[in-house]
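Asks: Okay, handing you the structure first.
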Amino acid sequence: MEEDTRKLLQECNSGCKMAVSSMEQIQDYVTNKELDQVIAKSKENHQKLEAESTKMLKELGEAQKEPGMMVTAFSWFTTEVKMLMKDDNNQIAKIMMNGCNMGIQSISEDLNKYDKASEESKALAKKLVKEEENFMKELRAYL
């Protein structure tokens with residue numbers, strides 16, 4: 001149980017960091033004030049979930065998990081190329097929605113894989129999935 005809990009929390013923590021990093025990267029391109037506020041709100045929510053997962057990991061005596069260097073570099077490069085090709089709010093919404101979709105799939109898969117994790121860690125993972133779903137809904141207005 002503790003091993004599944006640790007792994008699930010590490011994946012949530014890493015996912016939150018990746019999301020925050022992507023939002024920080026993309027915000028330089030946002031020209032729509034309302035879209036910028038939507039992204040800022042989701043970024044703040046992800047930071048709170050990251051802090052919560054960090055606290056839970058510390059209680060288990062575990063360190064935070066950093067996103068893989070290759071995954072982070074690929075994500076950064078992909079975003080930069082897409083923004084150079086088409087620098088508008090529609091493109092930003094699409095990039096963010098693709099990230100949400102990947103996050104939902106990844107954390108949902110982890111919830112199934114680490115089914116012996118604590119109820120508290122599963123609840124956190126479900127909150128993260130819900131945040132991604134809500135963010136996607138808000139982004140639809142900018143397509």
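The values are calculated or read from the model by the stated rules, or taken from the named source; none is laboratory data. Because the structure is predicted, anything quoted here is derived from the model rather than measured. Heads up, the Cβs are rebuilt from the backbone with ideal geometry, glycines too, and the neighbour counts pull from every protein chain shown.
Asks: Does Asp87 qualify as being part of a loop (DSSP other than H, G, I, E, B) and either more than 15 Å from Asp4 (Cα to Cα) or at pLDDT below 90 (or both)?
Replies: Values: part of a loop (DSSP other than H, G, I, E, B): yes; either more than 15 Å from Asp4 (Cα to Cα) or at pLDDT below 90 (or both): yes.
It is true that Asp87 is part of a loop (DSSP other than H, G, I, E, B) and either more than 15 Å from Asp4 (Cα to Cα) or at pLDDT below 90 (or both).
Asks: Which condition from (1) within 14 Å of the chain's Cα centre (by Cα); (2) outside any helix (DSSP H, G or I) is the one that Glu11 breaks?
Replies: Single failed check for Glu11: (2).
Asks: Can you name the residue in the range 110-139 that is over 15 Å from the mean Cα position of the chain (by Cα) and polar (S, T, N, Q) and, of all such residues, is surrounded by the fewest Cβ atoms within 10 Å (Cβ to Cβ)?
Replies: Asn112
Asks: Okay, next question. Can you tell me which residues in the range 13-45 are aliphatic (A, V, I, L, M) and closer than 16 Å to Cys100 by Cα? Please lay out each step first, then the result.
Replies: Applying the first criterion (aliphatic (A, V, I, L, M)) to the range 13-45 yields 18-20, 23, 26, 30, 35, 38-40.
Met18, Ala19, Val20, Met23, Ile26, Leu35, Val38, Ile39, Ala40 - these are the residues of the range 13-45 that are aliphatic (A, V, I, L, M) and closer than 16 Å to Cys100 by Cα.
Asks: Can you spot a residue in the range 32-46 that is within 21 Å of Lys122 (Cβ to Cβ) and modelled with pLDDT of 95 or more?
Replies: In the first step, residues of the range 32-46 are kept if they are within 21 Å of Lys122 (Cβ to Cβ); the result is 45-46.
Next, from what is left, pick out any that are modelled with pLDDT of 95 or more: 45-46.
The answer is yes, given that some residue of the range 32-46 is within 21 Å of Lys122 (Cβ to Cβ) and modelled with pLDDT of 95 or more.
Asks: Does any residue in the range 46-59 that is in contact (Cβ under 8 Å) with a residue 24 or more places away in the chain come within less than 8 Å, Cβ to Cβ, of a residue that is assigned to a helix (DSSP H, G or I) and basic (Lys, Arg) six or more places away or on a different chain, and which pairs are these?
Replies: Between residues of the range 46-59 that are in contact (Cβ under 8 Å) with a residue 24 or more places away in the chain and residues that are assigned to a helix (DSSP H, G or I) and basic (Lys, Arg), the close pairs are Leu49/Lys127; Glu50/Lys17; Leu57/Arg6.
Asks: Restricting to the range 56-84, name every residue that is modelled with pLDDT under 90 and surrounded by 15 or more Cβ atoms within 10 Å (Cβ to Cβ). Give the derivation first.
Replies: Here is the first cut: in the range 56-84, the residues modelled with pLDDT under 90 are 61-84.
Of everything in the range 56-84, those that are modelled with pLDDT under 90 and surrounded by 15 or more Cβ atoms within 10 Å (Cβ to Cβ) turn out to be Glu62, Gln64, Lys65, Pro67, Thr72, Ser75, Thr79, Lys82, Met83.
Asks: What are the residue pairs meeting all of these: first residue in the range 20-45, first residue under 12 Å from Tyr142 (Cα atoms), second residue part of a helix (DSSP H, G or I) and among the aromatic types (Phe, Trp, Tyr), Cβ atoms under 7 Å, and 6 or more apart or on different chains?
Replies: Correct list of pairs: Asn32/Tyr142; Leu35/Tyr142.
Asks: Can you tell me which residues in the range 21-38 are surrounded by 18 or more Cβ atoms within 10 Å (Cβ to Cβ) and closer than 17 Å to Glu50 by Cβ?
Replies: Ser22, Met23
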